[in-house]
Amino acid sequence: MIGNFIYHTPTKMYFGRDSIKFLPEIVEKYGKNVLLTYGGGSIKKSGLYDKVKKLLADHNIVELSGIEPNPKYDPSVVTGAKLCKENAVDVILSVGGGSVLDCSKAISACAMYDGEGWDLISGKVKAKEALPVVDIITLAATGSEYDSGCVISNTALCDKRAYVDDLLYPVASILDPEYTFSVSKWQTACGTSDAINHVLEQFFAYPSSSFNDGVMISAIDSLMNNVLTALRDPDDYEARSELMYVCSWGCNGILANGSGYSGWPMHSIEHALSAYFDITHGAGLAIITPRWMKEILSEKTVERFVTLGKGLFGLGDDLDGFDAANRVIDRFFAFFESIGIPMSLEKLGVKADKIDEMADHILEYDSTDEPWMFAPLDKAALKRILEASM
Ligand code: NZQ
Ligand code: ZN
């Protein structure tokens, strides 16, 4: 059944080779003063930086560089908002991965707010307006290029928050799969694992619909197959284009229109891990996934595993539901391991003595134990998942 829903993604998507040619006409609509945001230098190495500067030669460009993975409120968002105010910026152009784009989205709201920007990000105050954000995304992963969220770390508070607001949809996103050829094997694997997890978070929900199930299974299947090709041959356009397009659907709701809500429990856990240990988002998710699945497997949830196992791995009717579920769990574990993710949090530097504190943190900021959730997680359940993931 497809239940009631409202769906609206106002982002205009420009997909494919050479889509960057549309950049001048897109930016022109918003004005001449541009804040160009980017990360640690990948866009300079790839030549994208020079290309952008050339295409926007008749614009006034102010730059914010050095935006880190797991982007930080201070200094990146704070500095970006200040630059916008001081230079009467009309539009923000984000060139890079999800972290650069998330930081740019947060800047877009903070730049139009006179108080402390963290009040907006933490949900204490609702933003009234935001600057337009245009992006050229260079890493297939988060889906930030097609959604209204951003995730920002506040190191002073040891917090990492998802900030979601309709004002944060990019006005335009340019997706050229060729820009992802230079993404490392590690980031390719982690980006794919992030996107697989986005789909899984929405698949494990009630009520479900056969149409949504089919789309989601097809999305995971495409991600699992194409990442193997991209890891073998980073310049394979076909594989990179599938990864890029599927990833973009991850978080804007289209996969689960009319289905129930899961509550994004694995992301809640991973955001605490990144807040405490600054680990790569997709790696943390891959490690948690099979452990979370084991934790939630029950009479109530087993049918979702069976549907996934049949559609994705061709598991037959001859299997008992719990046997099928355990095979699904083993297949995901083996898959993540096969793409180079060490399946232990300890190997990423996570310390077991913080588990109790992280479980409290998750419940305080993400409340994974709401009754409407598909499989609510209390403190004991969160600790079991984290301990099993070590
Ligand atoms: O900083 P540079 O030099 O650009 O290098 C980056 C960075 O080191 C590099 N990279 C990006 N594009 C590249 C490239 N290297 C070579 N060639 C390219 N074309 O990759 C590294 C990681 O980049 P990052 O932007 O951090 O990765 P990703 O796109 O996976 O973003 C992760 C962040 O997004 C958040 C995560 O929590 C994390 O903070 N998320 C955002 C979401 C959203 N807005 O909807 C949803 C997600 O669930 C997620 O939480
Ligand atoms: Zn994610």
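So in region 32-85, with the set limited to residues that are of a type in the set (S, T, N, Q) and in contact (Cβ under 8 Å) with a residue 60 or more places away in the chain, which one is farthest from ligand 2 (Cβ to nearest atom)? Give the steps one after another, and end with the answer.
Filtering region 32-85 down to residues of a type in the set (S, T, N, Q) leaves 33, 37, 42, 46, 60, 65, 70, 76, 79.
Checking which are in contact (Cβ under 8 Å) with a residue 60 or more places away in the chain leaves us with 37, 42, 46, 70.
Numbers: T37: 20, S42: 20, S46: 24, N70: 12 Å.
Top of the filtered list is S46.
Anything in region 153-169 that is assigned to a strand (DSSP E or B), more than 8 Å from ligand 1 (Cβ to nearest atom) and crowded, with 17+ Cβ neighbours inside 10 Å? List them, or say none. Quick ask: steps written out before the conclusion?
The first filter runs over region 153-169 and keeps only residues assigned to a strand (DSSP E or B), leaving 153-154, 159-164.
Filter again for more than 8 Å from ligand 1 (Cβ to nearest atom), leaving 154, 159, 161, 163-164.
If the condition is that a residue be assigned to a strand (DSSP E or B), more than 8 Å from ligand 1 (Cβ to nearest atom) and crowded, with 17+ Cβ neighbours inside 10 Å, then N154, D159, R161, Y163 are the ones that fit.
Looking at L348, L297, can you tell me which residue is under 21 Å from T142 (Cβ atoms), out of contact with any strand residue (DSSP E or B) (no Cβ under 8 Å at 6 or more places or on another chain) and open to solvent by 20 Å² or more (accessible area, probe 1.4 Å)? Walk me through it before giving the result.
Details: L297 fails: under 21 Å from T142 (Cβ atoms).
Answer to the check: L348.
Hey, could you check region 1-22 for residues that are open to solvent by 70 Å² or more (accessible area, probe 1.4 Å) and under 24 Å from the mean Cα position of the chain (by Cα) and say which is nearest to D236 (Cα to Cα)?
Only one residue tops the list, namely R17.
What's the total number of residues in region 23-54 that are open to solvent by 70 Å² or more (accessible area, probe 1.4 Å) and either assigned to a loop (DSSP other than H, G, I, E, B) or of a type in the set (A, V, I, L, M, F, W, C) (or both)?
Here the count works out to 4.
If you check I287, I296, I329, which single one turns out to be more than 16 Å from ligand 2 (Cβ to nearest atom), in contact with a Pro (Cβ under 9 Å, 6 or more places away or on another chain) and closer than 18 Å to S193 by Cβ? Steps first, answer last, please.
Numbers: I287 fails: more than 16 Å from ligand 2 (Cβ to nearest atom); I296 fails: closer than 18 Å to S193 by Cβ.
The match here is I329.
Taking only pairs six or more apart or across chains, which ones have beta-carbon atoms under 6 Å, a first residue in region 7-23 that is under 19 Å from K53 (Cα atoms) and not assigned by TED's automatic domain parsing to the domain that holds Y245, and a second residue that is assigned to a helix (DSSP H, G or I) and of a type in the set (A, V, I, L, M)?
Listed pairs, sorted by first residue: L23/L55.
When you scan region 70-82, do you find a residue that is in contact with a strand residue (DSSP E or B) (Cβ under 7 Å, 6 or more places away or on another chain), closer than 18 Å to S144 by Cα, aromatic (F, W, Y) and assigned to a strand (DSSP E or B), even just one?
no
A205 passes all but one of (1) hydrophobic (A, V, I, L, M, F, W, C); (2) in a loop (DSSP other than H, G, I, E, B); (3) open to solvent by 10 Å² or more (accessible area, probe 1.4 Å); which number fails?
Status for A205: all satisfied but (3).
The values are calculated or read from the model by the stated rules, or taken from the named source; none is laboratory data. Everything numeric in this text was worked out from a predicted model, so none of it was measured. In this analysis, Cβ positions are derived from the backbone assuming ideal geometry, glycine residues included, and neighbour counts consider all displayed protein chains. With ligands, DNA and RNA removed, areas are computed over all heavy atoms of the protein, side chains included. Shrake-Rupley method; radii C 1.70, N 1.55, O 1.52, S 1.80 Å.
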